[in-house]
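Read the structure below first, then the notes.
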Amino acid sequence: MSSMGDESFEQLKKQGKVSNNKEDIQYVSCITTRVLRAMGEKPDEWEVKVFVDESPNAFALPGKNVGVHTGMIKLAKNQDQLAAVIGHEIGHVLANHGNERVSQNLIVQGGLVATQLALGNDSTTDGLIVGALGVGAQFGVLLPFSRKQESEADELGIKYMASAGFDPAGAPQLWKVMKTAGAGGQPEFLSTHPSPDSRIAALSKLVPKYKNDYQAVKDKPKCR
Ligand SMILES: [Zn+2]
């Protein structure tokens, strides 16, 4: 799984445009570092990149990779909202959701993959793998995580953002912003992360549960 994630991340870096905007990189690294530490991870082991891409999207891949689009940096109104997205995405990786899906998809699509491989065209396989990892939209494969996986990632995200010192209220707020942004057309992130209304309701219920963890953090992050 780690090598699949690493390979996909390398591909995304080649295919997309990696930002060298110092402010954006510092902002995203600051948030990611705090959230990872709260998760008991070693931030130095993770590769974090900002992609110049106006679509509001973010993803985390096995092999310890995180990518955030400039469009998501603009959409999230503050560090708490962006921490909610990053925490959610890393939550998918820590809960091994990609793993469950890669195996399912490769079995279901086995015949198709075999055909593509026989034709010497492995882009379908790549698409299915990255789709299962949660970044398929970039490859034209839209494959949402299951509702159960989404709720798990939401709870992991809000839990760890709070213990990292980010206001958990930022989580439901982010999804409200996302929903409004989606009113004029479906952002890709909403295609892979459906039902914002039930998500907003569920996250709002979780805010009081994690508020104390947030308030207990003395040195609150000031990432921007
Ligand atoms: Zn998700």
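The values are calculated or read from the model by the stated rules, or taken from the named source; none is laboratory data. A quick note: this is a predicted structure, and the numbers were derived from the prediction, not measured. Cβ: placed from backbone, ideal geometry, glycine included. Neighbour counts: every protein chain shown.
List of remarks:
- Residues that are surrounded by fewer than 23 Cβ atoms within 10 Å (Cβ to Cβ) and modelled with pLDDT of 95 or more, drawn from the range 53-70: Lys64, Thr70
- Qualifying residue in the range 155-167 (condition: modelled with pLDDT under 95 and among the β-branched types (Val, Ile, Thr)): no
- Of the helices (runs of 4 or more DSSP H) lying entirely inside the range 144-224, the ones with 1 or more residues being more than 16 Å from the ligand (Cβ to nearest atom) and among the β-branched types (Val, Ile, Thr) are found at 170-182, 196-216.
- Selection from the range 1-29 of residues that are closer than 20 Å to Lys222 by Cα and buried (at least 17 other Cβ atoms within 10 Å of the Cβ): Asp24, Tyr27, Val28, Ser29
- From Val135, Val85, residue being at pLDDT below 90, within 14 Å of the ligand (Cβ to nearest atom) and among the β-branched types (Val, Ile, Thr): Val135
- Lone unmet requirement of (1) within 23 Å of Ser151 (Cβ to Cβ); (2) of a type outside the set (D, E, K, R); (3) crowded, with 21+ Cβ neighbours inside 10 Å; (4) in contact (Cβ under 8 Å) with a residue 60 or more places away in the chain for Leu94: (3)
- Test result for Val50, in contact with a helix residue (DSSP H, G or I) (Cβ under 6 Å, 6 or more places away or on another chain), buried (at least 20 other Cβ atoms within 10 Å of the Cβ) and modelled with pLDDT of 95 or more: yes
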